[in-house]
Amino acid sequence: MKDPGRLLVTDPPALGRYGDFGGSYVPETVVPALGELVEEAKSALADQSFLDELSSLLRDYAGRPTPCYFAARLSEHAGFPIWLKREDLLHTGAHKLNNALGQLLLARRMGKHRIVAETGAGQHGLATATACALLGLPCVVYMGSEDIRRQAVNVAKMRLLGATVEAVDSGSRTLKDATSEAIRDWVTNVRDTHYVIGSVVGPHPYPWLVRTLQSVIGVEARQQMLAQAGRLPAQVVACVGGGSNAIGIFSGFLDDPEVRLLGVEAGGRGAGPGENGASLNLGSPGVLHGASSFLLQDQDGQVLPTHSVSAGLDYPGVGPEHAWLNSTGRATYCVVDDRQALAAFHLLSRLEGIIPALESSHAIHQAIGSRPDDGGPVLVCLSGRGDKDLDTVLTEAAGD
């Protein structure tokens, strides 16, 4: 296998646009900081010493490459071969560390000595707190109070690592509101603070930067499937909230038209307002957190509340590159509801001895029901592990 830290480094899209989506809709005070970030990111990603340091951390600290695992019993259950890209085995338990390590190295390179982040399921906050502890940088993580309740274990871990976790009680008290508060902090302290966005959302260059740092998933997965399965997958399936794990694994196969790309949004409790997180399926074009994309909004353009059993998919928008892939037809996006995700959570646990994150469980359910015309194989991005979700699963079981 080639260098496990290798990324798909491309030039940033002109004006940060993916077709009709993306861009940078921000206060004037942060325009210089975003411009600096574009130039510093381009410089760093062309600097072999930066890439070597990141590659070393991804390999020796984070544990890359992560395995591509043939799920034999799940495959027997489905009737076709299913492979799992095991991001759940990465240090901190999810794909989020790929991005956090890269952005923290970039922040240090820019001389930004204070870090802020947002988190929903807690995995990005945990990854950022971990990287800050490693590099000796102070860290403030904004998290909705509802997500703090749902993800108490990750909150305890962040605090153990030295991060300050700021509860956000406004709005729906989930990821959207945490993101808004993190942006307010960053705007106020932009001279010495770097905002580590955890997904492929936000103003340019964040969607491009996070995609580049997460592309290691797709680079590895493509090489592994060719080596282990002897062919490319017929389908690649990944859950989509903001969409970082999905764009990371999709990036390895975008130039392979025979590979179907399937993103899975949170269907929550149903199609009604405030009942789901399915921005591409049930939303409309608009601007959220500095970028144009699809979002859940009412007829007056006000952002709607969201719901998902998985805190990481409980977001009313989606990354602009996903909106573009959807509009061009290169990727297809579907919806899996809470009950289906919970059933897949239990199924993978019992068949494979792997407890998946509830976010990843959405992708598992869709993969089982999406038999390719040629019978497979199907590759699923198992974006994280499910120990963080046990309280939620037990609560849901008690309510049935």
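The values are calculated or read from the model by the stated rules, or taken from the named source; none is laboratory data. Source: prediction; values computed, not measured. Don't worry about glycine lacking a Cβ; one is built from the backbone with ideal geometry, like all the others, and counts go over all protein chains shown. All accessible areas refer to the heavy atoms of the entire protein, side chains included, with ligands and DNA or RNA removed. Shrake-Rupley method; radii C 1.70, N 1.55, O 1.52, S 1.80 Å.
Using every alpha carbon pair in the chain, what percent of pairs falls into each 10 Å bin from 0 up to the bin containing the largest distance?
Calculated P(r), rounded to whole percents: 5, 26, 37, 25, 7, 0.
Considering only Cys381, Cys239, Cys334, give the residue with the highest GNM mean-square fluctuation for the chain, with springs between Cα atoms whenever their separation is below 10 Å.
Evaluated over the chain, the most mobile residue of the options is Cys334.
In the range 171-190, whose amide N lies under 12 Å from the spot 7 Å out along Cα-to-Cβ of Thr29? List them in ranges.
Inside the label zone: 183-190.
Before anything else, pin down the relative contact order of the range 103-162: Cα pairs under 8 Å, at least 6 apart, normalised by residue count, whole percent.
Relative contact order comes out at 37 percent.
Could you check which residue among Thr66, Thr29, Thr119 shows the biggest mean-square fluctuation in a GNM of the chain with a 10 Å Cα cutoff?
Top of the fluctuation ranking is Thr29.
Solvent-accessible area per residue for the chain at a 1.4 Å probe radius, Å²?
Result: 36 Å² per residue.
Is the C-alpha gyration tensor of the range 1-158 telling us rounded, prolate or oblate? Criteria: a/c under 1.5 is rounded; beyond that, a/b larger than b/c is prolate, otherwise oblate.
prolate
Determine the gain in length on full extension of the stretch His77-Glu166; use 0.36 nm per residue of separation and subtract their C-alpha separation, reporting nm with one decimal.
Between His77 and Glu166, full extension yields an extra 27.7 nm.
Accessible area of the range 1-158 with a 1.4 Å probe: how many percent of it is carbon plus sulfur?
Carbon plus sulfur share of accessible area: 56 percent.
Give me, ordered by chain and number, the residues 5 or more places off Glu265 or on other chains with an amide H under 5 Å from its own placed amide H.
Here the answer is Val240, Cys334, Val335, Val336, since their amide H atoms fall under 5 Å of that of Glu265.
Rounded, prolate or oblate: which one fits the range 211-283, using the alpha carbon gyration tensor with axes a ≥ b ≥ c (rounded when a/c is under 1.5, else prolate when a/b beats b/c, else oblate)?
Because a/c hits 1.5 or more and a/b exceeds b/c, the range 211-283 counts as prolate.
For Leu15 paired with Gln48, estimate the spin-label separation in nm (one decimal), with each label point 7 Å from Cα along the Cα-to-Cβ line.
In this crude spin-label approximation the distance works out to 3.7 nm.
Would you work out what percent of the accessible area of the range 223-354, with all protein chains in place, is carbon or sulfur (probe 1.4 Å)?
The C+S portion of the solvent-accessible surface of the range 223-354 is 49 percent.
What is the count of Lys pairs in the chain whose alpha carbons sit under 18 Å apart, if the two are 8 or more places apart or on different chains?
The result is 7.
Below 8 Å between Cα atoms, with a sequence gap of 6+, how large is the relative contact order for the range 240-314 in percent?
Computed value for the range 240-314: 29 percent relative contact order.
Over the chain, what is the mean sequence separation of C-alpha contacts under 8 Å (at least six apart), divided by residue count, expressed as relative contact order in percent?
Relative contact order for the chain comes out at 20 percent.
Test of understanding: what is the full-extension gain from Thr395 to Arg339, defined as 0.36 nm times their sequence separation minus their Cα-Cα distance?
This chain segment gains 18.9 nm when fully extended.
Under the rule a/c < 1.5 gives rounded, and otherwise a/b versus b/c splits prolate from oblate, where does the range 126-189 land using the Cα gyration tensor?
Because a/c hits 1.5 or more and a/b fails to exceed b/c, the range 126-189 counts as oblate.
I want the antiparallel fraction of DSSP beta bridges within the chain, as a percent rounded to 5.
So the antiparallel bridges in the chain amount to around 30 percent.
Return, in residue-number order, each cysteine of the chain whose C-beta is not under 4.7 Å from any other cysteine's C-beta.
Cys68, Cys239, Cys334, Cys381
Hey, in the GNM for the chain with a 10 angstrom Cα cutoff, which one of Phe80, Phe250, Phe294 fluctuates hardest?
Among Phe80, Phe250, Phe294, the largest mean-square fluctuation in the Gaussian network model of the chain belongs to Phe80.
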